[in-house]
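J.: The structure's right below; bear with me while I get my questions together.
The values are calculated or read from the model by the stated rules, or taken from the named source; none is laboratory data. Here the structure is a predicted model, which means the values were calculated and not measured. All Cβ positions, glycine included, derive from the backbone under ideal geometry; neighbour counts span all protein chains shown.
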Amino acid sequence: MGTLVLDIETASPFEEPPENSNDTEYYELVAVGLAYADGLETTPETAVPFRRGDWEATHTTDLYQRMFEWCDERDVDRLLTYNGAWFDGKHLLNWAREIDAATGHGFFDRTEALFENHVDVALAAADEYADELWDDQQILPDWKAYDLGGVDNDSVWYDDYEFPDPYLSEIDGSGVQGKHVGQVLGERYVDNVAAGIEGTSVHRELTRLLEDYCLSDVADLIELYTTLGGPSLDETYRRTATEIDDDA
């Protein structure tokens with residue numbers, strides 16, 4: 001039974017979202033982390049398609065097309081995300097709807113089909129490790145779930161990459177976090193591509209960092225899913241596109 005893992009990376013280049021906001025209007029698609037395994041015990045193959053241009057909708061369309069081409073080459077029976085019912089699925093469906101309205105590509109139906117057998121592993125982790133949740137938390141950070149589950153999931157550290165001193169000076173912290181991608185790294189990546197400076201050493205290093213971070217989000221999720229119960233989770237934590245749309 002083929003299992004796909006998906007995780008999107010976004011930026012907010014036009015307006016920073018208000019605190020606790022999850023409205024798609026504030027987010028733009030930068031990259032998609034993908035992993036796939038024919039069986040739960042096999043090492044997954046991975047890919048990270050990135051945005052190839054500026055923030056024009058045509059580049060979102062191109063990224064969708066490449067994402068689907070990769071998925072269509074594999075026999076996907078189950079989709080795993082971590083918090084995808086709240087974030088990834090919602091935004092992918094909304095962007096697909098916008099693209100279809102402008103171009104008629106049919107991406108919404110394809111996204112809906114992709115999420116037909118979608119299991120949100122974050123919901124299972126929140127139930128399994130409920131005692132670890134803070135009063136205002138509904139899910140655990142993925143790194144915490146991996147730690148509690150005994151899954152070796154590598155963090156991505158800035159010290160492992162070479163950047164000029166002022167390049168990432170506005171980022172506070174030694175390890176890459178999702179908010180860093182959303183607030184700084186994703187926009188910087190796209191700006192570099194739009195400016196045509198992909199060949200510079202700084203951009204190549206930024207690409208390497210982002211690719212490593214994207215892969216860390218998907219490469220070990222099948223193992224966490226298995227640790228938490230594997231296929232026994234599928235019915236309880238299945239969240240289809242219709243359910244995600246209803247909660248949007």
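J.: State yes or no: is T58 surrounded by fewer than 21 Cβ atoms within 10 Å (Cβ to Cβ), part of a strand (DSSP E or B) and on the phi < 0 side of the Ramachandran plot?
T.: Considered against the rule, which asks whether it is surrounded by fewer than 21 Cβ atoms within 10 Å (Cβ to Cβ), part of a strand (DSSP E or B) and on the phi < 0 side of the Ramachandran plot, T58 comes out as no.
J.: Looking only at region 156-198, which residues are within 23 Å of D7 (Cβ to Cβ), outside any helix (DSSP H, G or I) and among the polar types (S, T, N, Q)?
T.: S174, Q177
J.: Next up: Enumerate the pairs (first residue in region 192-210 and basic (K, R); second residue anywhere and at pLDDT 95 or above) with beta-carbon separation below 7 Å, excluding pairs fewer than 6 apart on the same chain, so at least 6 apart or on different chains.
T.: Correct list of pairs: R208/Y161.
J.: Can you find a residue that is surrounded by 24 or more Cβ atoms within 10 Å (Cβ to Cβ), of a type in the set (S, T, Y) and either within 13 Å of the chain's Cα centre (by Cα) or not in a helix (DSSP H, G or I) (or both) anywhere in region 82-93?
T.: Taking every residue of region 82-93 in turn, at least one turns out to be surrounded by 24 or more Cβ atoms within 10 Å (Cβ to Cβ), of a type in the set (S, T, Y) and either within 13 Å of the chain's Cα centre (by Cα) or not in a helix (DSSP H, G or I) (or both).
J.: Among the listed residues E16, E56, identify the single one that is farther than 18 Å from F107 by Cα and over 18 Å from the mean Cα position of the chain (by Cα).
T.: Step by step, each of E16, E56 is checked, and only E16 is farther than 18 Å from F107 by Cα and over 18 Å from the mean Cα position of the chain (by Cα).
J.: Working only within region 95-104, note down all residues that are surrounded by 14 or more Cβ atoms within 10 Å (Cβ to Cβ) and either touching a residue at least 24 places away in the same chain (Cβ under 8 Å) or over 15 Å from T242 (Cβ atoms) (or both).
T.: Residues satisfying the conditions are W95, A96, E98, I99, D100.
J.: Another question about this same structure. Anything in region 130-164 that is more than 21 Å from Y213 (Cβ to Cβ), surrounded by fewer than 14 Cβ atoms within 10 Å (Cβ to Cβ) and of a type outside the set (F, W, Y)? List them, or say none.
T.: A130, D131, D135, D136, Q137, Q138, G150
J.: A further question on this structure: For the condition in contact (Cβ under 8 Å) with a residue 40 or more places away in the chain, under 24 Å from T226 (Cβ atoms), touching a helix residue (DSSP H, G or I) at 6+ places or on another chain (Cβ under 8 Å) and of a type in the set (A, V, I, L, M, F, W, C), what is the one hit in F107, F163, F115?
T.: F115
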